[in-house]
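All remarks here apply to the structure that follows.
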């Protein structure tokens, strides 16, 4: 039972979900001949035998990036964008975004939705009305994006 906290910590480390903040692990040693108390949480307390371990995650390893490339500081409103691609790979979405940015004059975004297939959506524009987005969709189809379609989403103000 006393190894459960260590097993939980080990499972987080192995799964890549280690805490991002500093963690202090308390190990309570118990000499064989010393009396102990048991608290109501079934924790054994032995006076003056507590050892502290300080754990700071290695930040030199690459941390998972935030999937959305939009700045979270920008104010968002309801609006429309034109979706031109959807990928299951972030790398492929990034490449498609870079290629689209070279051709298109409007901002190109990657939006992430883990609940559906192809969670990385490459979308263009910040339109406040569906009519504006529909017009731009037709332009995109003529420019080589035949599968473009309008989506309602949060846009930059």
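The values are calculated or read from the model by the stated rules, or taken from the named source; none is laboratory data. Keep in mind that this is a model prediction, so the values were computed, not measured. All Cβ positions, even for glycine, are placed from backbone atoms using ideal geometry, and neighbour counts span all protein chains on display.
Do you know which residues across segment 113-139 are under 21 Å from residue 94 (Cβ atoms) and touching a strand residue (DSSP E or B) at 6+ places or on another chain (Cβ under 6 Å)?
118, 119, 120, 121, 122, 123, 124, 125, 126
So which residues in segment 108-144 are assigned to a loop (DSSP other than H, G, I, E, B) and at pLDDT below 95, if there are any at all?
Listed by number, the residues that qualify are 113, 114, 115, 116, 117, 118, 119, 143, 144.
Kindly establish whether residue 94 is surrounded by fewer than 20 Cβ atoms within 10 Å (Cβ to Cβ), at pLDDT 95 or above and in contact with a strand residue (DSSP E or B) (Cβ under 9 Å, 6 or more places away or on another chain).
yes
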